[in-house]
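Since the structure comes first, as structure tokens, the remarks are kept for the end.
The values are calculated or read from the model by the stated rules, or taken from the named source; none is laboratory data. For clarity, every value in this text was computed on a predicted model and none was experimentally measured. No Cβ is skipped: glycine too gets one built from the backbone with ideal geometry, and neighbour counts run over all protein chains shown. Accessible surface is based on the protein model in full, side chains and every heavy atom, while ligands, DNA and RNA are left aside. Shrake-Rupley method; radii C 1.70, N 1.55, O 1.52, S 1.80 Å.
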Amino acid sequence: MLSEKLELALNEQITFEFYSSYTYLAMAAFCESSDLSGFANFFRVQAKEELDHATKLYDYVFQKGGTVILGEIAKPKEKYDSMLDVFETGLNHEREVTKRFYNLADIASEEREHATMSFLRWFIDEQVEEEDNFHSILKKVRRCEGNPAALYLLDDELAARVYTPLNNTNN
Ligand code: MG
């Protein structure tokens, strides 16, 4: 059973994962409008993964006998100055997500909710990958500054990203 505090915090994170998905879909739209369909593909895949994260949390709350109450999803940022701006915003967003999972883990730990601590471990590990992913692309984008041909090569690279659904029952 989840405490009221932990249930509320998990619910807030479900909504935030939807907000992440929404944010990345808006980034995909910006890339598409900028004729960078490979970048757009990268963010479309990212947006789908965020929905999987929301669903994983959703399932867990019910598994623990709790209830899911979805919150309002804020309007995402729609205009960016450049691809650099997009990836800097993306990296900062992922750092915010990491902080939120640390906060959730702190609550679970204070309450000695070991099952939830164990469940959150997957997200904490995942965040290492997410931040690294955004950071490494950000570095590449930085090197493309003032060189549109290089940006198109990176666009081709990002076109190859494929969505793999998360198996929510077996982690
Ligand atoms: Mg996520």
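By the rule of a C-alpha distance below 27 Å, with chain neighbours fewer than 8 residues away ignored, the lysines paired with residue 64 are 5, 48, 56, 99. Rounded to the nearest whole Hz, the Karplus-based 3J(HN,Hα) values (6.51 cos²θ - 1.76 cosθ + 1.60, θ = phi - 60°) of the stretch 92-101 follow the sequence 4, 4, 5, 5, 5, 4, 4, 4, 5, 5, with x at glycine and proline. Using just its DSSP H runs of length 4 or more, each adding -39500 (n - 2.57), the chain gives a mean residue ellipticity at 222 nm of -26000 deg cm²/dmol after division by all residues. The portion of the accessible surface of the chain made up by carbon and sulfur, rounded to a whole percent, is 51 (1.4 Å probe; DNA, RNA and ligands excluded).
Enter the accessible area per residue of the stretch 1-133 (Å², integer; probe 1.4 Å; all protein chains in place). Provide the component values of the computation, followed by the final result.
Values: 6800 Å² over 133 residues.
Roughly 51 Å² per residue, with all protein chains present.
Between helix 114-143 and the chain there is an angle of about 10 degrees, using the helix long axis and the longest principal axis of the Cα atoms. Take 96-102, 156-162, 34-40 and order them by the average number of nearby Cβ atoms within 10 Å per residue, most first; the result is 34-40, 96-102, 156-162. What base-10 log of the normalised intensity I(q)/I(0) is obtained for the chain from the Debye formula, alpha carbons as equal point scatterers, at q = 0.10, 0.20 Å⁻¹? Debye curve over Cα of the chain, log10 I(q)/I(0) at q = 0.10, 0.20 Å⁻¹: -0.41, -1.29. With K and R counted +1 and D and E -1, the other residues having a Cβ less than 12 Å from that of residue 115 yield a net charge of +1. Here the 3J(HN,Hα) profile of the stretch 55-71, calculated from phi with Karplus coefficients 6.51, -1.76 and 1.60 at θ = phi - 60°, is 5, 4, 5, 4, 4, 5, 4, 5, 4, 8, x, x, 10, 9, 10, 7, x Hz, Gly and Pro shown as x. Charged neighbours of residue 20, selected by a Cβ distance under 15 Å, balance to -4 (K, R count +1; D, E count -1).
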